[in-house]
Amino acid sequence: MINAIFFDVGGTILDESREFEAWADWLGVPRHTLSAVFGAVIARGLDYQETFRAFRPDFDLAVELERRAAADKPESFGEEDLYPDARPCLTSLKDQGLVVGLAGNQPAHAETILRALDLPVDVIGTSHGWGVAKPSPAFFERVVREGGGVASSILYVGDRPDNDARPAREAGMKTCLIRRSPWGHILDIPAVSEQCLFRIDSLDELPGLVAKHNAASG
């Protein structure tokens with residue numbers, strides 16, 4: 001049975017479109033141009049920061065974040081950036097008596113914002129707070145510990161086959177891929193997606209699938 005469900009953050013519960021538009025504006029690049037380069041970077045399996053280096057070869061994320069903060073244009077997000085299906089899904093899963101958590105690659109300020117959103121979750125973990133980032137096995141080992149210690153009873157939900165589904169499965173967890181975000185639409189790794197327990201297009205689908213799975217397993 002599934003006793004705990006952990007969600008990736010960016011691209012899974014959080015729509016990052018507005019933030020990438022802000023980066024385009026910050027770099028002085030047309031938004032559609034940055035989007036086109038971003039898609040090409042994802043298709044080639046490169047780190048997303050290579051998108052920014054295409055326009056500014058010496059781009060340093062930490063430095064630019066400091067510059068944006070100093071210019072009163074910090075990287076941020078809020079309730080309006082949550083996908084509409086995120087909060088209802090989390091609530092429904094909690095109502096099923098499951099442990100629900102968030103665990104994603106996020107900077108320090110993101111954890112504070114996520115907690116302020118008062119989402120119906122038991123655990124909020126970030127790469128900054130945990131000191132380890134996906135796809136490191138240590139990150140998913142931490143997810144297993146936070147989820148009760150039994151990997152096979154945990155479902156990890158994410159939009160990326162490379163950073164989410166593959167390493168979560170290697171850690172012994174069940175996996176679910178959601179087809180949204182640039183990664184979800186562009187990056188296809190059949191050998192990974194075919195081994196997922198669920199493949200969905202909306203978080204609205206997930207509570208019913210989990211309930212059905214647990215009913216059959218019980």
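The values are calculated or read from the model by the stated rules, or taken from the named source; none is laboratory data. Computed from a predicted model, the values in this text were never measured in an experiment. Don't worry about glycine lacking a Cβ; one is built from the backbone with ideal geometry, like all the others, and counts go over all protein chains shown. For accessibility, only protein heavy atoms count, side chains too; no ligands or nucleic acids. Shrake-Rupley method; radii C 1.70, N 1.55, O 1.52, S 1.80 Å.
Brief remarks follow.
- Residue among Arg68, Arg115 that alone is open to solvent by less than 20 Å² (accessible area, probe 1.4 Å) and of a type in the set (D, E, K, R): Arg68
- Residue identified as free of Cβ contacts under 8 Å to residues at least 24 places away in the same chain, open to solvent by less than 20 Å² (accessible area, probe 1.4 Å) and not aromatic (Phe, Trp, Tyr) among Leu61, Leu34, Leu14, Leu46: Leu34
- In summary, Val100 fulfils each of the numbered conditions (1) out of contact with any strand residue (DSSP E or B) (no Cβ under 7 Å at 6 or more places or on another chain); (2) of a type outside the set (Lys, Arg); (3) closer than 28 Å to Gly131 by Cα with the single exception of condition (1).
- On the stretch given as region 131-145, residues that are part of a helix (DSSP H, G or I) and without any contact (Cβ under 8 Å) to a residue 60 or more places away in the chain total 8.
- Of the residues making up region 198-207, just one is in contact with a Cys (Cβ under 6 Å, 6 or more places away or on another chain) and without any contact (Cβ under 8 Å) to a residue 60 or more places away in the chain, namely Phe198.
- Residue count for region 153-198, restricted to those that are crowded, with 16+ Cβ neighbours inside 10 Å, under 15 Å from the mean Cα position of the chain (by Cα) and not in a helix (DSSP H, G or I): 12.
- One residue alone among Gly97, Gly148 is free of Cβ contacts under 8 Å to residues at least 40 places away in the same chain, at positive phi and not aliphatic (A, V, I, L, M), and that residue is Gly97.
- Residue within region 82-99 that is aliphatic (A, V, I, L, M), open to solvent by 10 Å² or more (accessible area, probe 1.4 Å) and either at pLDDT below 95 or over 19 Å from Glu205 (Cβ atoms) (or both) present: yes
- Matching entry among Gly104, Gly147 (being surrounded by 16 or more Cβ atoms within 10 Å (Cβ to Cβ) and either more than 13 Å from the chain's Cα centre (by Cα) or at pLDDT below 95 (or both)): Gly147
- For region 24-76, a residue qualifies if it is in a helix (DSSP H, G or I) and in contact with a Leu (Cβ under 6 Å, 6 or more places away or on another chain), and the qualifying residues are Ala24, Ile42.
- Annotation note: Cβ proximity below 6 Å between a residue of region 173-185 that is touching a residue at least 60 places away in the same chain (Cβ under 8 Å) and farther than 19 Å from Arg145 by Cα and a residue that is open to solvent by 20 Å² or more (accessible area, probe 1.4 Å) and of a type in the set (D, E, K, R) (sequence gap 6+ or interchain) occurs for Trp183/Arg160.
- Residue list for region 98-128, filter: small (Gly, Ala, Ser) and assigned to a strand (DSSP E or B): Gly101, Ala103, Gly104, Gly125
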